[in-house]
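K.L.:
For reference, the structure I am asking about is given below.
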Amino acid sequence: MATLLRSKLSNVATSVSNKSQAKMSGMFARMGFQAATDEEAVGFAHCDDLDMEHRQGLQMDILKSEGGEEGAESPLEGDIHYQRDGTGPLPPSASKEAGVCSELSGQGKPKITAWEAGWNVTNAIQGMFVLGLPYAILHGGYLGLFLIIFAAVVCCYTGKILIACLYEENEDGEIVRVRDSYVDIANACCAPRFPTLGGRVVNVAQIIELVMTCILYVVVSGNLMYNSFPNLPVSQKSWSIIATAVLLPCAFLKNLKAVSKFSLLCTLAHFVINILVIAYCLSRARDWAWDKVKFYIDVKKFPISIGIIVFSYTSQIFLPSLEGNMQNPKEFHCMMNWTHIAACILKGLFALVAYLTWADETKEVITDNLPSTIRAVVNIFLVAKALLSYPLPFFAAVEVLERSLFQDGNRAFFPNCYGGDGRLKSWGLTLRCALVVFTLLMAIYVPHFALLMGLTGSLTGAGLCFLLPSLFHLKLLWRKLLWHHVFFDVAIFVIGGICSVSGFIHSLEGLIEAFRTNAED
């Protein structure tokens, strides 16, 4: 009898432990998604609330059904760490379970529909950075419109082939998911000689894009406030400092639950603002300057426009987690098609009618062209949206930096920034504050929305959306690819490389010139 009892307790403890490990692996896979750019974390932050409630209920069911046997591990440890509720990082040994396939972790958590997945993609590619697209038409004309369509097609395709890299054929000929994130794909391509090199490259690109996104939010906040109240004795730099003072509490963030709800409302408000801008432009349709839209391009500034357009489509970094959380992953391709078609139509329409309305007077942020009577109201809503959206990329960048530099077990470059009680150490908080101040300094010395957006799109946007997906697709699946897939991948890699290099060089030259001008002033 005693032997049977011990056997039963052992089986129960093993079962609970396995469930805990599966959920912990899901947490790590989700952390790869959390490092995404700009607004794509909005919908998923809400999903995290549902996820936590579901898992807490699941834990109670396990305790009730199994009698709360001693020795069972808590299945919520990983989730608490993920939500940053003050319990501190996972022990180094927990990171070894991170490679467990995400299907195991997906058995006990709520899935999202194709429509919900499409909403997250739409948040990523229809954010407030579309305000810079009319400026791209100013320097590209009809070629700029073609580039908006071309970028939509290419980003849709590369998103699909990136997901294809997550799957492989097993011994039974079945297609199974063997990878969980962009980092896993990159590491698989560099194995066995450099098994972690690819992941580090992706993480660096990810951090650059996230930090640059934060800088852009500060720049656009200062720009909008300065142009909304030009009669006030406050410069654009001063407005940026005020915006950063408001954002400084981001360094104390433990989770994004409250912020994500406000950001979701601001995202809806932004769609309303876009409609208002288009409505105003349509009201001036009789004065549209069709003769200003030409095939001529500004050779020096058009490469910057390429970066602006590419940056407005970046979503690849979080697609693996998105697809892994869908109820029916087979609907992923269809979801990508209609979201990018809708984005292409809306962006093209918005950019064209805005440029036709103001022609050569089109500014870097199109709302600055609105009449003063409505400009202040629209810009204040946009500033509120920018300030409430800032914590999302900031928190994601902090997560990646902490995980890579301070919490990577024996491979960490620096001591753990969390104490034994799970609280953030004072020097860790200082580093977070320093990151906020860094975004302010960049916004002050280079207060050029279009140049920064073009530089980011040319450097990390083109790399994460064009170059790396096509390269990884060729490396991992080249034996099974049809000739036209190989042709598309090579063409995208070559064209993306040329656009990336040219856009980066011209954007960097413009930033250096602007930096020198501001330093002299």
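The values are calculated or read from the model by the stated rules, or taken from the named source; none is laboratory data. No experiment lies behind these values; they were computed from the predicted model shown. Please note: Cβ atoms are built from the backbone with ideal geometry, for glycine as well, and neighbour counts cover all protein chains shown. Ligands, DNA and RNA are stripped out before the accessible areas are found, and what is left, the full protein with its side chains, is counted by its heavy atoms. Shrake-Rupley method; radii C 1.70, N 1.55, O 1.52, S 1.80 Å.
K.L.:
Once R0 is set to 51 Å, what does the formula 1/(1 + (r/R0)^6) return for the Cβ-Cβ distance between T113 and K254, expressed as a FRET efficiency to the nearest 0.05? Write out the running numbers ahead of the final one.
P.N.:
Numbers: r = 29 Å, r/R0 = 0.58.
Taking R0 as 51 Å, the efficiency between T113 and K254 is 0.95.
K.L.:
Please compute the modelled spin-label separation between I278 and L349, points set 7 Å along Cα→Cβ, answer in nm with one decimal.
P.N.:
It is 0.3 nm.
K.L.:
Among K111/K347; K254/K425; K237/K300; K294/K385; K300/K363; K292/K385, which pairs are too far apart, with a Cα-Cα distance over 25 Å?
P.N.:
Exceeds cut-off: K111/K347; K237/K300; K294/K385; K292/K385.
K.L.:
Let me ask something additional. Can you give the convex hull volume of the alpha carbon atoms of region 437-521 per residue, in Å³? Please report the intermediate quantities before stating the final value.
P.N.:
Numbers: hull volume 7.1 nm³, N = 85.
Spelled out: Cα convex hull of region 437-521, divided by residues, is 84 Å³.
K.L.:
So, in nm, how far is label T517 from label S238 when the simple model puts each one 7 Å beyond its Cα toward the Cβ?
P.N.:
2.2 nm
K.L.:
In addition: Using the per-residue mean of other Cβ atoms lying within 10 Å as a proxy for protection, in what order, highest first, do the peptides 454-467, 219-232 fall?
P.N.:
Result, highest mean Cβ count within 10 Å first: 454-467, 219-232.
K.L.:
Also, I was wondering about something else. So, for region 146-243, what is the accessible surface per residue at a probe of 1.4 Å, expressed in square angstrom?
P.N.:
Here the per-residue accessible area is 43 Å².
K.L.:
May I ask you to give the solvent-accessible area per residue for region 423-521, in square angstrom, as obtained with a 1.4 angstrom probe?
P.N.:
Each residue of region 423-521 exposes 52 Å² on average to a 1.4 Å probe.
K.L.:
Arrange the peptides 492-498, 301-307, 468-474 so that the one whose residues have, on average, the most other Cβ atoms within 10 Å appears first.
P.N.:
In descending order of packing, they fall as 301-307, 468-474, 492-498.
K.L.:
Ok, one more. Leaving ligands, DNA and RNA out of it, report the carbon-plus-sulfur percent of the accessible area of region 299-376 at a 1.4 Å probe. Write down the numbers at each step before the final one.
P.N.:
Values: 1690 of 2700 Å².
Carbon and sulfur atoms account for 63 percent of the accessible area of region 299-376.
K.L.:
Pop a pseudo-label 7 angstrom from the Cα along the beta-carbon direction at both R200 and A384 and give the gap in nm to one decimal.
P.N.:
A separation of 4.5 nm, rounded to one decimal place.
K.L.:
Moving on to the next point. For V246, V398, give me the order by solvent-accessible area with a 1.4 Å probe, most accessible first, ignoring ligands, DNA and RNA.
P.N.:
V246, V398
K.L.:
Take the alpha carbon atoms of region 354-386, find their center, do the same for region 232-255, and report the distance between the two centers in whole angstrom.
P.N.:
21 Å
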